[in-house]
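Remarks on the structure that follows.
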Amino acid sequence: MKSPSDLKILNTIYKMYNKEFETFTLGAENKRVSKPYIPIDCKLIARKLKVDGDIVFGRLYYHLQEKYGYNRDDGSKVAFFTLALAGDRHCINFPLMASVLAGLEEESSKAQRATLLSTLAIVISLVVPIVDWLSKSLQP
């Protein structure tokens, strides 16, 4: 089975946890301590994607955290994905993830448009000589 793309993993997480992110109210009865960091279930996400849970965890922890987590000028760290945060396990920085997802969707859209335009150019380059040949062969 093909491993899911970063885009597919993040899109799945977004769809599964967006409502939880939006409905968080500081000070209310919430299951977490902070709005930006949402605990996620890697195994549940993996089941939706039809892959092993360690694939999703590994992609988030070893790849995407390294790629998108960063250090601020004051030395503080902003995690993309963290193992634990104040008792919550496997937390994703939802606003940062949504931003990364938007960028990946934009890249994918550009690639699809470029592929479509290239395909159209190939079709036109094949059709024009055929039409020209047909128009010459039908003339008396």
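Listed values, structure above:
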| quantity | calculated |
| --- | --- |
| Looking only at the stretch 1-25, and only at residues there that are more than 9 Å from the chain's Cα centre (by Cα) and of a type in the set (A, V, I, L, M, F, W, C), the one that is surrounded by the fewest Cβ atoms within 10 Å (Cβ to Cβ) | Met1 |
| Selected residue (only one of Lys110, Lys67, Lys136, Lys31 is among the charged types (D, E, K, R), assigned to a helix (DSSP H, G or I), surrounded by fewer than 10 Cβ atoms within 10 Å (Cβ to Cβ) and free of Cβ contacts under 8 Å to residues at least 60 places away in the same chain) | Lys136 |
| Complete set of residues in the stretch 52-64 that are farther than 16 Å from Arg89 by Cβ and crowded, with 18+ Cβ neighbours inside 10 Å | Arg59, Leu64 |
| Residue check, Leu120 in a helix (DSSP H, G or I), within 25 Å of the chain's Cα centre (by Cα), surrounded by 10 or more Cβ atoms within 10 Å (Cβ to Cβ) and aliphatic (A, V, I, L, M) | no |
| Total residues in the stretch 70-82, condition surrounded by 12 or more Cβ atoms within 10 Å (Cβ to Cβ) and either part of a loop (DSSP other than H, G, I, E, B) or free of Cβ contacts under 8 Å to residues at least 40 places away in the same chain (or both) | 4 |
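Any read-out appearing in this document is the output of simple, stated calculations on the displayed coordinates, not a laboratory observation. Note that the structure is a prediction, hence the values are computed from the model and not measured. Neighbour counts run over all protein chains shown; Cβ positions are idealised from the backbone, glycine included.
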